[in-house]
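See structure below.
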Amino acid sequence: MGSYSGWIMHLLFLVLVYLIAVLVVAAGGVYISRQRRSRLSTSSKKVMPAPPGTLTARGGEDEKAASVVTEQAPVDNLASVVSSDVEEREPPKSLSAGLSKTRGVIGAALSRMKLRGGLSEEFWSELEETLILGDIGLEISRDLVSKTRDAFRQTGLNSSVEAIDLLRRQMLADLEGKERSLTLFGEAPNLVLLVGVNGVGKTTTIGKLANYLTSRGSSVILAAGDTFRAAASEQLEQWANAANVEIVKGSSGGDPASVIFDAASRAKAIGADVVIADTAGRLQTSSNLMGELAKIHRVAQKAPGTLSEVLLVVDATTGQNGLSQAKSFSQAAQTTGVVLTKLDGSAKGGIAFAIERELGIPIKFVGTGEKMGDLVPFDPATFVDEICG
């Protein structure tokens, strides 16, 4: 009996040892599995770009590392401009891409009209309405259709495709022959003054223009001439950091003309090529503010270097209101060119044609997106081809 009892105890001991071994192996498997999943999770995590404030800027007599800017720009979304590594590899949006919404209004309608056979009075009326919808303007649209119709009669044809091709040629002829490059050939520094109403994107345009010029080898200084809007100088400083250029600022509420003069003097002292000056946004109906703009223009002419360009920034989404702005600003500040912003967000790209026809002021640049590189020279042939299809 004792022998039998001892055998039972021995068997139970072996079973216990076996169970302990199984538990140990199972626990080890779970641990190894968790470690493996942890390593896979860590390796698959995307490395996020550094925050936009960790940029460098040039300032003072020597280059310094800029302090981290934690405050977001009050109007412009700078974080969308200082892109991630993936976004930086993407090319800037082209003029064609920026005209996509305008093409959807005018180009799509003209494409449908090309499918017609013979022409009728209804065709010419619809052609005029289509141009008006694209914000080319009533009088200009009527004039374009009238000239196109007269030229078409001389061909002896009866094809909608030929009629719209004649429209394309007429529009291109109206836009050709203007100087569209920046005039930067005077005594350095060349001063570029940006003007416009509130909210059209002047500060954004200055940052993009600084990037455009520095990428082509020019040394640039920004002048914070908007001394009245809250945080305007800080916002422009963020753009200076993003473009890696120096900025000259004044006191809040100070004389904007003095800030611009000081920036020109600074550029002259260090041999910088270009000064891009911001100005306070102002309504074209305010005689006092427009008079102040005329003063800024006079002071800029006396500053060291050459006042080379006065660029009016117009928001494409404002349509025909942008034309009235252009008229007022061209008188007060003697504008030499136009920058059309937010073109990618508007179906009213025809305003570019209206501005040039009415005032003879060339469109020099177009904003096609939110990124730093989304500022492209205006090309008449591309513009007309996108509109007429």
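The values are calculated or read from the model by the stated rules, or taken from the named source; none is laboratory data. Predicted, not measured: the structure shown is a model, and the values here were computed from it. Ideal geometry is used to build each Cβ from the backbone, glycine not excepted, and the neighbour counts take in all protein chains shown.
So, in segment 108-131, of the ones that are under 32 Å from the mean Cα position of the chain (by Cα) and exposed (fewer than 15 other Cβ atoms within 10 Å of the Cβ), which residue ends up modelled with the lowest pLDDT? Among those that are under 32 Å from the mean Cα position of the chain (by Cα) and exposed (fewer than 15 other Cβ atoms within 10 Å of the Cβ), it is Ala108.
Residues that are in a helix (DSSP H, G or I) and out of contact with any Asp or Glu (no Cβ under 8 Å at 6 or more places or on another chain) within segment 145-157 comprise Ser146, Lys147, Thr148, Arg149, Asp150, Ala151, Arg153, Gln154, listed in sequence order.
Of everything in segment 121-145, what is in contact with a Gly (Cβ under 9 Å, 6 or more places away or on another chain) and within 20 Å of Ser159 (Cα to Cα)? Give them in sequence order. Selection gives Leu131 alone.
Scan segment 183-231 residue by residue and report those that are under 24 Å from Ile270 (Cβ atoms) and of a type in the set (Gly, Ala, Ser). The answer is Gly186, Ala188, Gly207, Ala210, Ser215, Gly217, Ser218, Ser219, Ala223, Ala224, Gly225.
Got at least one residue in segment 166-189 being assigned to a helix (DSSP H, G or I), in contact with a Leu (Cβ under 6 Å, 6 or more places away or on another chain) and of a type in the set (A, V, I, L, M)? No: zero hits. The set of residues in segment 229-244 that are of a type in the set (S, T, N, Q) and out of contact with any helix residue (DSSP H, G or I) (no Cβ under 6 Å at 6 or more places or on another chain) comprises Ser233, Asn241, Asn244. Considering segment 147-182, the residues that are polar (S, T, N, Q) and surrounded by 13 or more Cβ atoms within 10 Å (Cβ to Cβ) include one that is nearest to Gly322 (Cα to Cα), namely Gln170. The set of residues in segment 333-364 that are part of a helix (DSSP H, G or I), closer than 24 Å to Lys295 by Cβ and in contact with a strand residue (DSSP E or B) (Cβ under 8 Å, 6 or more places away or on another chain) contains only Ala333. Kindly provide the set of residues from segment 315-333 that are farther than 21 Å from Thr203 by Cβ and in contact with a helix residue (DSSP H, G or I) (Cβ under 9 Å, 6 or more places away or on another chain), ordered by number. The answer is Gly319, Gln320, Leu323, Lys327, Ser330, Gln331.
Residue count for segment 331-355, restricted to those that are modelled with pLDDT of 80 or more, of a type outside the set (A, V, I, L, M, F, W, C), out of contact with any Asp or Glu (no Cβ under 7 Å at 6 or more places or on another chain) and at negative phi: 1. Consider Pro377 against the criteria (1) more than 17 Å from Ile136 (Cβ to Cβ); (2) surrounded by fewer than 23 Cβ atoms within 10 Å (Cβ to Cβ); (3) outside the structural domain of Val197 (by TED's automatic domain parsing); (4) modelled with pLDDT under 90: it satisfies all of them except one. Which criterion is unmet? Against the list (1) more than 17 Å from Ile136 (Cβ to Cβ); (2) surrounded by fewer than 23 Cβ atoms within 10 Å (Cβ to Cβ); (3) outside the structural domain of Val197 (by TED's automatic domain parsing); (4) modelled with pLDDT under 90, Pro377 comes up short only on (4). Whenever a residue of segment 303-324 is within 12 Å of Leu194 (Cβ to Cβ), its partners that are in a helix (DSSP H, G or I) and modelled with pLDDT of 90 or more, lying with C-beta atoms within less than 6 angstrom and at least six residues away or across chains, give the pairs Val313/Lys202; Val313/Thr205.
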